[in-house]
Amino acid sequence: MTANIVSDAEQDVAAVNVFDPSWWADGPPHGLFKRMRQQSPVHWNPLPDGTGCWMLFRHAEISEVSHDSETFSSRRGGVFINPDQLVNLDVISNMLLYMDPPTHTRHRKILAKVFTPAAVAKMEEGIRARVVTTIDKVIESGRADYAADIAVPIPLLILMELMGAPEEDLPSFYDWTERIEQEIRSPESNSGAGVFMEMAGYLAQQVARQSEAAIEDSLVMRLRNAVVDGAELTDLEIVMFFGLLTFAGNDTTRNTAATGLLTLLEHPEALAALYADPTLIPTAVEEILRWTSVVQWFARTATRDVELDGKRISEGDKVVMWYGSGSRDERVFENPDVFDIHRPKSEHVAYGGGGRHFCLGASLARMELRIILEEVLGRMKDLRLDGNPELVPSNWAYGLSTLPVAFTPGARSDA
Ligand code: HEM
């Protein structure tokens with residue numbers, strides 16, 4: 001047998017197309033991920049159009065690719081399979097997520113200070129107030145759609161406050177998030193331009209209003225007043241940054257909040273432990289992030305021929321990182337298929353595999369998720385399922401469109 005002959009085990013998975021919807025009917029296919037980690041961790045994945053892309057299932061290669069943006073570019077082919085997903089690559093490459101250094105480094109600096117752990121710590125009181133008033137709206141009825149009533153509005157309202165946007169604009173922010181997510185779900189789509197056009201109109205109004213009100217520290221005004229290499233950002237760069245924050249700050253946190261609660265309902269001993277001892281919530285949040293890893297994947301494009309785990313990746317090949325799989329890699333996590341809210345330290349890749357594009361809002365999201373659980377468990381006693389949860393049909397985002405729950409109403413902690 002020569003090195004070129006495919007072994008039985010590899011033959012078994014050689015034809016697997018992980019994007020095939022049949023794998024996704026019940027959410028992320030963790031059984032398949034496990035098999036791929038064992039049998040084909042760097043996998044040439046055939047695509048229906050006759051092309052293919054590389055897929056990475058292990059923590060080590062996800063981390064390697066994420067840390068080497070010289071070899072694995074975000075700009076060259078975008079971060080999805082279709083370079084023109086949402087809008088044409090030349091346009092969307094004005095977005096931070098699609099930039100390579102040194103441009104990326106300069107643009108990331110603009111808002112980096114807003115999202116440091118120390119800066120985020122100062123937001124705690126404001127975030128808690130938003131969470132409390134959102135829970136107030138459903139508490140008396142003893143029932144809620146946790147996805148729509150809790151998980152959707154809280155990250156949206158917090159983000160809008162950071163933007164300096166008035167609360168009554170929530171429907172627009174919600175609508176943009178939904179439309180972007182739908183566009184991402186359909187791989188051939190590049191009709192996202194309408195959303196960005198609407199955002200551009202909205203931004204122009206906000207800049208005028210906030211300038212008149214002498215607001216300087218909102219995200220909108222920070223972007224408007226930013227100077228990079230002696231020049232202000234272009235209108236397109238500002239819209240793309242705004243669009244990224246609006247989507248990335250929202251969809252991800254809401255999906256983690258909803259799938260996180262579902263996970264707790266499916267693990268009643270963990271839920272009971274958190275009710276009994278809320279100081280466990282921060283480690284539970286880390287485990288929820290690992291377990292749900294709601295952003296399933298992002299892609300990069302190789303800028304040169306390179307080897308990964310003995311496989312030759314050619315210049316121009318696309319490489320997809322499966323974060324949900326990396327977060328359950330048995331080489332990194334003990335008993336990865338056990339949901340353990342006491343897990344001491346976690347190197348999950350829910351926020352990406354590290355490196356330059358690591359989630360800018362990681363600290364903010366952690367705090368939001370912690371405060372949501374603190375307030376929800378403090379007031380919604382005896383939480384239980386009250387109907388069937390519905391999955392968002394996607395291989396990119398693990399989310400729920402509906403999560404009906406019932407509970408016994410409790411008093412506000414400040415009442
Ligand atoms: C649980 C919630 C969240 C999850 C799971 C999440 C996940 C991710 C992932 C996987 C990436 C790509 C990382 C990479 O390519 O290496 C990312 C990037 C990003 N996230 Fe998050 N995110 C969350 C919350 C947030 C929040 C609250 C914000 C801001 C308000 C935010 C802003 C961003 C931005 C701006 C980027 C692009 C960073 C860059 O390209 O340099 N995210 N996030």
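Quick notes on this one:
- Charge dipole (the chain, unit charges on Cβ, about Cα centre) - positive-most of G361, M36, L86: G361
- Note that the range 111-156 presents 46 Å² accessible area per residue, ligands and nucleic acids not counted, probe 1.4 Å.
- Considering all different alpha carbon pairs of the range 256-330, the Kirkwood hydrodynamic radius works out to 14.8 Å.
- Couplings for the range 363-374, taken from phi via the Karplus curve 6.51 cos²θ - 1.76 cosθ + 1.60 with θ = phi - 60°, read 5, 4, 4, 4, 5, 4, 5, 5, 5, 4, 5, 4 Hz in order; Gly and Pro are left as x.
- Qualifying GluC sites (Glu not before Pro) in the range 89-141, where qualification requires a DSSP coil assignment and no more than 10 other C-beta atoms within 10 Å, comprise E140.
- A cut-off of 5 Å between modelled amide H atoms, ignoring neighbours fewer than 5 places along the same chain, links S401 with E390, L391, V392.
- What a 1.4 Å probe finds exposed on the range 8-409 is 52% carbon and sulfur by accessible area, rounded to a whole percent.
- Table column - 3J(HN,Hα) (Hz), the range 380-386, Karplus curve with 6.51, -1.76, 1.60, x for Gly and Pro: 9, 7, 6, 4, 8, 5, 10
- Along its three principal directions, the equivalent ellipsoid of the chain from the Cα gyration tensor extends over semi-axes of 34, 29, 18 Å, largest first.
- Cα-based shape type of the range 289-415, given that a ≥ b ≥ c are square roots of the gyration tensor eigenvalues and the cut on a/c is 1.5: prolate
- Cα lying deepest toward the dipole's positive end in the range 202-290, options L280, Q210, L264, charges on Cβ: Q210
- Here's how it looks for S327: its modeled amide H is under 5 Å from those of V349, which are all 5 or more places away or on a different chain.
- Across the range 58-69, rounded Karplus estimates of 3J(HN,Hα) from the backbone phi angles (6.51 cos²θ - 1.76 cosθ + 1.60, θ = phi - 60°) give 9, 4, 4, 6, 4, 5, 4, 5, 4, 8, 10, 6 Hz, Gly and Pro being marked x.
- For the residues R356, R343, R130, a GNM of the chain with alpha-carbon springs under 10 Å puts the largest fluctuation on R343.
- The residues of the range 183-304 expose on average 39 square angstrom of accessible surface per residue, using a 1.4 Å probe on protein heavy atoms.
- Accessible area in the full protein assembly, largest first, 1.4 Å probe, for S413, S69, S401: S413, S401, S69
- Shape call, the range 144-243: gyration tensor on alpha carbons, a/c limit 1.5: oblate
The values are calculated or read from the model by the stated rules, or taken from the named source; none is laboratory data. Given the structure is predicted, the values throughout are model-derived calculations rather than measurements. Reconstructed Cβ throughout: ideal geometry from the backbone, glycine too, with neighbour counts over all protein chains shown. Protein only, heavy atoms only, side chains kept; ligands, DNA and RNA dropped before computing areas. Shrake-Rupley method; radii C 1.70, N 1.55, O 1.52, S 1.80 Å.
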